[in-house]
1. Suppose we filter Leu206, Leu176 for residues that are under 16 Å from the mean Cα position of the chain (by Cα), more than 16 Å from ligand 1 (Cβ to nearest atom) and touching a residue at least 24 places away in the same chain (Cβ under 8 Å); which single one remains?
2. Would you mind stating whether Gly288 is of a type outside the set (Asp, Glu) and at pLDDT below 90?
3. Of everything in region 179-202, what is more than 18 Å from Ala115 (Cα to Cα) and either of a type in the set (Lys, Arg) or under 20 Å from the mean Cα position of the chain (by Cα) (or both)? Give them in sequence order.
4. Just checking, does region 20-39 include any residue being within 16 Å of ligand 2 (Cβ to nearest atom) and touching a strand residue (DSSP E or B) at 6+ places or on another chain (Cβ under 6 Å)?
5. In region 157-178, is there at least one residue being modelled with pLDDT of 95 or more, within 16 Å of ligand 2 (Cβ to nearest atom) and surrounded by 17 or more Cβ atoms within 10 Å (Cβ to Cβ)?
6. Name the pairs whose Cβ atoms lie under 8 Å apart, with the first residue in region 16-44 and within 18 Å of Asp95 (Cβ to Cβ) and open to solvent by 10 Å² or more (accessible area, probe 1.4 Å), the second assigned to a helix (DSSP H, G or I) and among the small types (Gly, Ala, Ser), and 6 or more positions between them or separate chains?
7. I'd like the full set of residues that are more than 25 Å from the chain's Cα centre (by Cα), open to solvent by less than 10 Å² (accessible area, probe 1.4 Å) and at pLDDT 95 or above, limited to region 260-285.
8. Go through region 64-106 and give me each residue that's within 23 Å of Thr50 (Cβ to Cβ) and acidic (Asp, Glu).
Amino acid sequence: MDLYEHQARELFEEHGILVPRAEVTDSPKEAREIARRLGGRVVVKAQVKTGGRGKAGGVKLAADPAAAELTARQILGMDIEGHRVGTVMLAQPVDIGTEFYVSYVLDRAAGGFLAIASAEGGMDIEEVAATRPDAVARVPVDPAEGVTSAKAGEIAEAAGLPPQTVDVLVRLWEVLVREDALLVEVNPLVRTRQGQILALDGKVTLDDNARFRQARWGADDTEHDDALEAAAAAKGLNYVKLDGEVGVIGNGAGLVMSTLDVVAGCGARPANFLDIGGGASARIMADGLSVILSDPAVKSVFVNVFGGITACDAVADGIVQALDTVRLTKPLVVRLDGNNAPRGRAILDEHAHPLVQQVTTMDGAARRAAELATTA
Ligand code: GDP
Ligand code: MN
């Protein structure tokens, strides 16, 4: 998950990297108070998890507390590349001498990290990299060795950064390691006119596999902007909303992925990805069905199960019980195969729900679900 700038700023500060004094708020009135505390003149910065805020008008200088209130009112609620601004950070302005760019990023292909640094930081590092690749240094970092002072010296020299940045480069590596980050980026890292090295903006991406160690940040509030995905996540379901009309439930991510392909191959579009995993209990089935059925775009639902450790009769029992609690409003096509498939099919036949039909092959069932969706 990505952190907000103010969270990245907090981490930098904890690791001894100089940052501007700053506070966060969602209220223009409070913005005025904060500006007063910070000495009057402040930079008002939209807190959104996307780049290019400056260009979008999300970073503005305010000359005094009254202007800070006004500016906060303008920026709060703004839309920046599809992200609604819910909070602003007010920061003490910095007298910028030079702007640099530094980052560490996981390089999966190399099985290590990459330090990327440039003496030409500021708003458009992508453009610098595209037009003048020589101005951007790329130095591989061995994760076992990390960034020692010597390594930091090498990075600074390759990028043409002043020697005072070496200490920040070492500390930034500590942020990456201690905080379980896949990316730390500072753009700009500035040298002030007074000669201090300061991190003026920060981006940190945490490794989701380490979330249990990084509980302080809580859940990502921008992860599920889709209401159905949010509802599914609240029920602990592995659900992703897609654009089509055939609801899909399967057991095992691989099977669900191929189910999406087969549905698409039948001329329909899958409405979602939903992997109910190994435990096809009545509750999981009911939760999955209720999320899928509440999607108005769904015209038919395809349940594709290959019985393994959880055998088909248990899945069939789960479906039958789920239909006691969830009112089925759209046709349901079920394909059961694998362990105890005949028993599972018999259970559903016996239940004889008017909207449930069974097809024994995956291709046949997908075709049926697609037909039902496109003729509905
Ligand atoms: P971004 O557009 O999301 O990358 O936002 P930044 O926080 O990096 O700010 C964009 C630009 O605004 C920086 O590159 C600076 O040029 C400018 N800026 C931000 N804060 C200050 C500040 O305190 N003083 C000055 N002079 N400029 C600033
Ligand atoms: Mn920036």
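1. Testing whether each residue is under 16 Å from the mean Cα position of the chain (by Cα), more than 16 Å from ligand 1 (Cβ to nearest atom) and touching a residue at least 24 places away in the same chain (Cβ under 8 Å) leaves just Leu206.
2. Working: of a type outside the set (Asp, Glu): yes; at pLDDT below 90: no.
For Gly288, the condition - of a type outside the set (Asp, Glu) and at pLDDT below 90 - is not met.
3. Arg191, Arg193
4. There is at least one residue in region 20-39 that is within 16 Å of ligand 2 (Cβ to nearest atom) and touching a strand residue (DSSP E or B) at 6+ places or on another chain (Cβ under 6 Å).
5. Step one: of region 157-178, the residues modelled with pLDDT of 95 or more are 157-178.
The next check asks that each one be within 16 Å of ligand 2 (Cβ to nearest atom); those that pass are 168, 172.
In the following step, the residues that additionally are surrounded by 17 or more Cβ atoms within 10 Å (Cβ to Cβ) were identified as 168, 172.
Taking every residue of region 157-178 in turn, at least one turns out to be modelled with pLDDT of 95 or more, within 16 Å of ligand 2 (Cβ to nearest atom) and surrounded by 17 or more Cβ atoms within 10 Å (Cβ to Cβ).
6. Arg41/Ala35
7. Answer for region 260-285, where residues must be more than 25 Å from the chain's Cα centre (by Cα), open to solvent by less than 10 Å² (accessible area, probe 1.4 Å) and at pLDDT 95 or above: Val263, Ala268.
8. Result: Asp79, Glu81, Glu99.
The values are calculated or read from the model by the stated rules, or taken from the named source; none is laboratory data. Bear in mind the structure is a predicted one, so any value in this text is a computation, not a measurement. Cβ: placed from backbone, ideal geometry, glycine included. Neighbour counts: every protein chain shown. Side chains included, ligands, DNA and RNA excluded: accessible areas come from the protein's heavy atoms. Shrake-Rupley method; radii C 1.70, N 1.55, O 1.52, S 1.80 Å.
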